[in-house]
Amino acid sequence: MLLPILLAVAAAAVHRTTGLFWGDFAVYQAGAAAATRGDGHLYEVTHQGTDGIVLGFTYPPFAAFLLQPIAYVDPSVGVGIWLLVSVVALSAVVGVTLRALGVAASAGAVLTGTVALLPVFPVAGHLQVGQVGLFLMLIVLVDLLRGPGRRWHGLGVGIAAGVKLTPLIFVAYLVFTGRWRAAGVALAGFAATIGIGFAWRPQDSARFWGGGLLDTDRVTGDPRTVLNQSLHGALARLGDTADVRAVWLPLAAAVAVAGLVIAARCARAGEPLLGVLACAVTGLLVSPVSWHHHWVWCAPALTLLVVRGRRAGHRIAVLLGVALWAVLVLSAGWTVIGLRGTDLHFQGWELLHTNTYVLVGTAALGWLALRPGGSSVDAAATQPEPAATPAAQPEGRDETTVNRADTIEGGIR
């Protein structure tokens, strides 16, 4: 717990002395405060950061309902608290992933994984702006990895979607894996969040669900920004035009179906974690806007790759995990924008570098399409090690079955 506390204190001090960073958290706080004044104010509020970028609240009213506690705290204190719980959530994601892989989630292993993931740009960028994605990812992982058959299986997905619409892709995943009841529970939970929003702030709810959610100008000023790591963003950068709908729409539809089929195959092959990750990557690729911090799903993916490689003795897998870690640390969000001072009009190697996430995600889905189990590691390698073999079994066997226009972002991400 020392690491999150130290980072939280440092974040609060940096915010209080510089006023920089944590723009998304500032919008969360402004939206929560606006909602306390009554109905009809939520989507009128904006926040202008020190960089001049104006951000607006773009989440459903249910999100503002849950964010009410931060409306009453000092901004710097709020930043510190938000970062603390975000790092705790990251550690919890590492722990959940390790347990899903059959590895003991010891304090040392979780701490090592957390420290290793902190400099990865999707994670660091997430913490820098004060986003909510780590919490939603944790909720979805816990909900989907605890296995079918539970009475409220799918509810976590529905609630997460009620906060931010992107987790709705996992409802489709439940359908593709034949978990119809869980999909129904998820949709019921999602509908409940909409109902709570209408009961709490009906005007704001009518504005959002009546078309406000489709106002992409509130999300980004230009889809070509390097921070938009989706197929839509990649196509816009390649064509150097913001209007690529004629190409993007059919491509996104094809990738969505193919990705969900691959995710379902992974799940049916006894790889539930790979199934969830494949679905998450599919959602990131087909979404009109997938900001860099939406790719926090790289945290469990990197953990899986390194753990699987080490347990199977596959040095190539471990080296691939380390190489991917380095690529994600040296993200174009830092390197290209830092060197050029702008995030539009790329050529040559910059086009490759600025589309790295899309390329990696597409390659991962392609690989999983060829190997639905997702690994050459057999099932035994992902299970907890069995207890010592009783001496009564002479052959040493047991009975265990191994089965930006030049503005980076025009609205809250």
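The values are calculated or read from the model by the stated rules, or taken from the named source; none is laboratory data. Given the structure is predicted, the values throughout are model-derived calculations rather than measurements. Methodologically, a virtual Cβ is constructed for each residue, glycine included, from the backbone with ideal geometry; neighbour enumeration extends over all protein chains shown. The accessibility values were calculated without ligands, DNA or RNA, using every heavy atom of the protein model including side chains. Shrake-Rupley method; radii C 1.70, N 1.55, O 1.52, S 1.80 Å.
Among the conditions (1) part of a helix (DSSP H, G or I); (2) open to solvent by 30 Å² or more (accessible area, probe 1.4 Å); (3) of a type in the set (A, V, I, L, M, F, W, C), Phe21 misses just one, which is (1).
Taken as a whole, the condition of being assigned to a loop (DSSP other than H, G, I, E, B) and surrounded by fewer than 21 Cβ atoms within 10 Å (Cβ to Cβ) applies to Pro288. When the residues of segment 104-132 are filtered to those that are open to solvent by 40 Å² or more (accessible area, probe 1.4 Å), farther than 24 Å from Val358 by Cβ and among the hydrophobic types (A, V, I, L, M, F, W, C), which remaining residue is modelled with the lowest pLDDT? Among those that are open to solvent by 40 Å² or more (accessible area, probe 1.4 Å), farther than 24 Å from Val358 by Cβ and among the hydrophobic types (A, V, I, L, M, F, W, C), it is Ala104. In segment 326-347, the count of residues that are among the β-branched types (Val, Ile, Thr) and within 21 Å of the chain's Cα centre (by Cα) is one or more.
Residues of segment 157-168 that are open to solvent by less than 30 Å² (accessible area, probe 1.4 Å) and in a helix (DSSP H, G or I): Val157, Gly158, Ala160, Ala161, Gly162, Val163, Pro167.
Residues checked against (1) over 16 Å from Thr114 (Cβ atoms); (2) outside any helix (DSSP H, G or I); (3) of a type in the set (D, E, K, R); (4) in contact with a His (Cβ under 6 Å, 6 or more places away or on another chain):
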{"site": "Pro4", "(1), (2), (3), (4)": "no, no, no, no"}
{"site": "Ala8", "(1), (2), (3), (4)": "no, no, no, no"}
{"site": "Thr17", "(1), (2), (3), (4)": "yes, no, no, no"}
{"site": "Ala35", "(1), (2), (3), (4)": "yes, no, no, no"}
{"site": "Gly40", "(1), (2), (3), (4)": "yes, yes, no, no"}
{"site": "Ala63", "(1), (2), (3), (4)": "yes, no, no, no"}
{"site": "Val79", "(1), (2), (3), (4)": "yes, no, no, yes"}
{"site": "Leu83", "(1), (2), (3), (4)": "no, no, no, no"}
{"site": "Leu98", "(1), (2), (3), (4)": "no, no, no, no"}
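Looking only at helices (runs of 4 or more DSSP H) that lie completely in segment 182-281, which have at least 2 residues being of a type outside the set (Gly, Ala, Ser) and touching a His at 6+ places or on another chain (Cβ under 8 Å)? By residue number, no helices (runs of 4 or more DSSP H) qualify.
Yes or no: segment 28-50 includes at least one residue that is closer than 30 Å to Leu277 by Cα and either open to solvent by 50 Å² or more (accessible area, probe 1.4 Å) or at pLDDT 95 or above (or both). Within segment 28-50, one or more residues are closer than 30 Å to Leu277 by Cα and either open to solvent by 50 Å² or more (accessible area, probe 1.4 Å) or at pLDDT 95 or above (or both). Against the list (1) touching a Cys at 6+ places or on another chain (Cβ under 7 Å); (2) not in a helix (DSSP H, G or I), the condition Trp152 fails is (1).
Search segment 309-350 for residues being in a helix (DSSP H, G or I) and open to solvent by less than 20 Å² (accessible area, probe 1.4 Å), and hand back the single one that is modelled with the highest pLDDT.
My answer is Leu328.
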